[in-house]
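Asker: First the structure, which I've put down as structure tokens, then a few questions once you've had a look.
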Amino acid sequence: MPLSKSFLVAAIPLLAVSAAAPLHAQIEVDVTGGMTSALVIAVPVMPTPSVASTAAGSTDTLGRQVAEVVSSDLRGSGLFKPQGPSGVPGIAFPEVTAPQFDRWSGAGAAALVQGFVKANPDGGITVGCYLYDVGLRTELTRAGYVVQPSDWRRAAHKCADAIYSRLSGESPFFDSRVAYIAETGPKENRVKRLAIMDSDGANHRFLTNGQNIVLTPRFSPDYKSIVYLSYAGKRPRIYVYDIGTGRQRLVTEGGSAAFAPRWSPDGRTILFSMSNAGNTDIYSVSADGGGTPRRLTTAPGINVGGSFSPDGRKIVFESDRSGSQQLYVMNSDGSGQQRITFGGGRYATPEWSPRGDLIAFTKMQGNFRIGVMTPGGQNERLLTNSWQDEAPTWSPNGRVIQYFRTTQGRGGKSSLWQVDLTGMNERRLPTPVDGSDPTWGPLLP
């Protein structure tokens, strides 16, 4: 559900850092250090100036829930070790802007997050969020969010984003969504539905009813649509699902199987693969549908996938034209095709980072692992080491990768996982049923 127009990012003015606290002396986190250098940060329950009822519950209850989401977000990043809200002292409303620093330094916290939840006369709520350096006893940043009560979780994610950005120097990613394929039923007869949820697994809902198998979803850049493969009519074809209306439309019609759709960064073009006369090639077509698809590859064999660079000028894809699955890069018009992987094993499902500096992939060499490399194929690093990890998708800031993991055996289960670029912080994302083929969207507008 989109935020109402009354949602104001940083509605409470940003307070400049005190001149008495030199920038080089302030706390910061090392985004390359992983959990070994995680910063201890206290997150007490957010008080309310006056307990009041809202459409989402009382303001004192919301104060605890907002703090819990903020704490969970920060913990999930791998950069922080939050304390609270359970197990730490509560604070009175006046303390929000006048912290008792001795209490928190004695508890071993380097940073402190305090805030409040207040009911507004129009039925909305205001969520205030403050970040303090405990050692320097100074405020680092503050923000306020005016939302409808039903959007309190977005305010909490925005608060966590503000804290993450201030302490890491990186772009945020918590206020975003994930789509994936929800799987139920026996392995030989799986029901696969399109589902959507917040980046932490909350607000989950199914978008399709499971009558037709669906695969490989991808968000449009504006979050309004999801492109995916559907076996409607027992034919693999590309569809676009309109999130606002629930309508689905066919993108391209042809006599051949089409699969692996991807959006261009401007949302005007859809890239996909299509099999024809024993060969599989990559095509592009207008996102509006109709028209003749443009063929981008002509090499014999199987050319699959495709992911645009953030500027839309390049495409990375997989091909077995050399005898095994390897990764290639080409210009967006299909020219200049060059192989970039030459190591052992096979490579698949490449995905270009939103930062443009890395390409994530699945490497198949004994087991299936998630890895990253530069766009030229250098500096390959494998981040996971399970039996079957595949299909990476990037967080909006390019620091975390989501993928799905399948366990061994006839009854193997699939689930969604995340790992940061250090490879040290790996965690499972909660879903109500088995999950595969995740796609992580950009920050919500």
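The values are calculated or read from the model by the stated rules, or taken from the named source; none is laboratory data. All values reported here derive from a predicted model rather than from experimental measurement. When we count neighbours, we look across all protein chains shown, and the Cβ atoms used for this are built from the backbone with ideal geometry, even at glycine. What goes into the accessible areas is simple: the full protein's heavy atoms, side chains included, and nothing from ligands, DNA or RNA. Shrake-Rupley method; radii C 1.70, N 1.55, O 1.52, S 1.80 Å.
Asker: Summing -39500 (n - 2.57) over the DSSP H runs of n ≥ 4 in the chain and dividing by its residue number, what mean residue ellipticity at 222 nm do you reach, to the nearest 500 deg cm²/dmol?
Answerer: -3000 deg cm²/dmol
Asker: Compute the convex hull volume of the Cα atoms of segment 323-445, divide it by the residue count, and report the result per residue in Å³ as a whole number.
Answerer: 133 Å³
Asker: Give me the net charge of Met373's neighbourhood, meaning all other residues with Cβ under 15 Å from the Cβ of Met373; Lys, Arg count +1, Asp, Glu -1. Provide the component values of the computation, followed by the final result.
Answerer: On the way: positive: Lys314, Arg339, Arg346, Arg355, Lys363, Arg369, Arg381; negative: Glu318, Glu351, Asp357, Glu380.
Net charge in that neighbourhood comes out at +3.
Asker: Toward the positive end of the charge dipole of segment 78-161, about the Cα centre and with charges on Cβ (Lys, Arg +1; Asp, Glu -1), which of Leu112, Ala98, Pro85 goes farthest?
Answerer: Pro85
Asker: Express in % the proportion of alpha carbon pairs of the chain at distances exceeding 44 Å.
Answerer: On the way: 16748 of 98790 pairs.
Value for the chain (Cα pairs over 44 Å): 17 percent.
Asker: Shifting gears a bit: Residues of segment 286-414: accessible area per residue at 1.4 Å, in Å²?
Answerer: Working: 5420 Å² over 129 residues.
That works out to 42 Å² per residue.
Asker: So if I take the centroid of the Cα atoms in segment 303-375 and the same for segment 205-269, what is the distance between those two points in Å?
Answerer: Measuring centre to centre over Cα atoms gives 22 Å.
Asker: Report Rg/Rh for segment 306-348, rounded to two decimals, where Rg is the Cα radius of gyration and Rh the Kirkwood radius. Walk me through the numbers before you get to the answer.
Answerer: Numbers: Rg = 10.4 Å, Rh = 10.6 Å.
Checking Rg against Rh, the ratio lands at 0.99.
Asker: Using a simple charge model, +1 on the beta-carbon of Lys and Arg, -1 on the beta-carbon of Asp and Glu, nothing else, what dipole does the chain show about its Cα centre, in debye to the nearest 20?
Answerer: On the way: 44 positive and 37 negative charges, 226 e Å.
Roughly 1080 debye for the chain.
Asker: Using the Karplus curve 6.51 cos²θ - 1.76 cosθ + 1.60 with θ = phi - 60°, what ³J(HN,Hα) values do you get for each residue of segment 224-229, in whole Hz, with x for Gly and Pro?
Answerer: Taking θ as phi minus 60°, the curve returns 7, 9, 10, 9, 7, 9 Hz for segment 224-229.
Asker: Let me ask you something else. Determine the sum of side-chain charges near Asp200: Lys and Arg each +1, Asp and Glu each -1, restricted to other residues whose C-beta is under 9 angstrom from that of Asp200.
Answerer: -1
Asker: Could you work out what % of the accessible surface of segment 27-144 is carbon and sulfur, using a 1.4 angstrom probe and leaving DNA, RNA and ligands out of the count? Before the final figure, lay out the partial values.
Answerer: Numbers: 2230 of 4440 Å².
Answer for segment 27-144: carbon and sulfur cover 50 percent of the accessible area.
Asker: Right, next: Taking segment 92-133 on its own, what percent of its Cα-Cα pair distances exceed 11 Å? Don't jump to the answer; show the numbers that get you there.
Answerer: Numbers: 576 of 861 pairs.
That tail contains 67 percent of the Cα-Cα pairs.
Asker: Next question. Which ³J(HN,Hα) values, rounded to whole Hz and listed in residue order, are derived for segment 145-151 from phi using the Karplus coefficients 6.51, -1.76 and 1.60 in 6.51 cos²θ - 1.76 cosθ + 1.60 with θ = phi - 60°, glycine and proline given as x?
Answerer: Going residue by residue, I get 9, 9, 9, 6, x, 5, 9 Hz, with x marking Gly and Pro.
Asker: Using a probe of 1.4 angstrom, how much of the accessible area of segment 332-445 is carbon and sulfur, in percent?
Answerer: That share works out to 47 percent.
Asker: Using a 1.4 Å probe on the protein heavy atoms, what percent of the accessible area of segment 198-268 belongs to carbon and sulfur?
Answerer: On the way: 1540 of 3360 Å².
Carbon and sulfur atoms account for 46 percent of the accessible area of segment 198-268.
Asker: Under the Karplus relation 6.51 cos²θ - 1.76 cosθ + 1.60, θ = phi - 60°, what is the ordered set of whole-Hz ³J(HN,Hα) values for segment 197-205, x standing for Gly and Pro?
Answerer: Here the 3J(HN,Hα) series is 7, 5, 5, 9, x, 7, 6, 6, 8 Hz.
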